[in-house]
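Heads up: the structure comes next, in structure tokens.
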Amino acid sequence: MKIKVCGTRDAGNIEELIKLSPDMIGFIFYPCSKRYASGLDKQVVMDIPGNIKKVGVFVNQLLDEVESTSTNYRLDYLQLHGDETPEFCHTLKKKGHKIIKVFGIAEPADFDGIRQYENHVDLFLFDTKSSLHGGTGQKFKWDLLDHYHLPKPFFLSGGISPKDIENLQQAY
């Protein structure tokens, strides 16, 4: 099991989070998010130890903007949380970026379009379906994962707490 903590932007919080050594730390570069990392100190991000992967979260942003931010913060992964196409993902992956593509899940049919992304991403992230592009703090019905049949590894998001870890380990 891998742990990714997302949405931090305060240098002090980042330093404390590093002490916990999660697998990944995510920074939201989506201006409409209440956790938008505007003014994030680049040096604080670049000083994160190499064993912790840095993830930039983007929603429907231009290719040049995603690449520029990735370069400026030396991001390890790009998490695409909007309506990005398989071609958009492919273009970034072809340029050497590692891609996490997010899908909101509320019913079995939400897995139908995922296969077309399989060869263009490194990981999927399944979150609670919302018009807010994540950040609801709500769990989706994890039994819907029974409808996921691809070999591509995935993350879960949405209201997960330490109390959920044992159940997740047993189920997935």
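The values are calculated or read from the model by the stated rules, or taken from the named source; none is laboratory data. Remember, it's a predicted structure, so these values are computed and weren't measured experimentally. Glycine also receives a Cβ, built like all others from the backbone with ideal geometry; neighbour counts cover every protein chain displayed. SASA here: full protein model, heavy atoms, side chains in, ligands and nucleic acids out. Shrake-Rupley method; radii C 1.70, N 1.55, O 1.52, S 1.80 Å.
A compact table of results
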quantity: The chain: most fluctuating residue of L150, L80, L123 per GNM, C-alpha cutoff 10 Å; calculated: L150
quantity: Above-threshold pairs, the threshold being 28 Å between Cα atoms, out of K34/K129; K95/K141; K34/K139; calculated: K95/K141
quantity: Region 45-159, accessible area per residue, ligands and nucleic acids excluded (1.4 Å, Å²); calculated: 49 Å²
quantity: For semi-axes √(5λ) of the Cα gyration tensor in Å, calculated from these coordinates, the label among (1) 35, 16, 13; (2) 38, 14, 14; (3) 24, 20, 15; calculated: (3)
quantity: Partner lysines for K152 [C-alpha distance under 16 Å; skip if fewer than 8 residues away on the same chain]; calculated: K2, K93, K98, K101
quantity: Protection proxy ranking, peptides 19-28, 3-12, average beta carbon neighbours within 10 Å, highest first; calculated: 19-28, 3-12
quantity: Region 9-115, dipole about Cα centre (Lys/Arg Cβ +1, Asp/Glu Cβ -1), debye to the nearest 20; calculated: 280 debye
quantity: Most mobile listed residue (V59, V44, V121) in the chain, GNM with C-alpha springs under 10 Å; calculated: V44
quantity: Computed [θ] at 222 nm, deg cm²/dmol, the chain (DSSP H ≥ 4; -39,500 (n - 2.57); rounded to nearest 500); calculated: -6500 deg cm²/dmol
quantity: GNM result for the chain, Cα springs below 10 Å: residue of E65, E84, E118 fluctuating most strongly; calculated: E65
quantity: Dimensions (Å) - region 16-109, Cα atoms, principal axes, largest first; calculated: 40, 30, 25
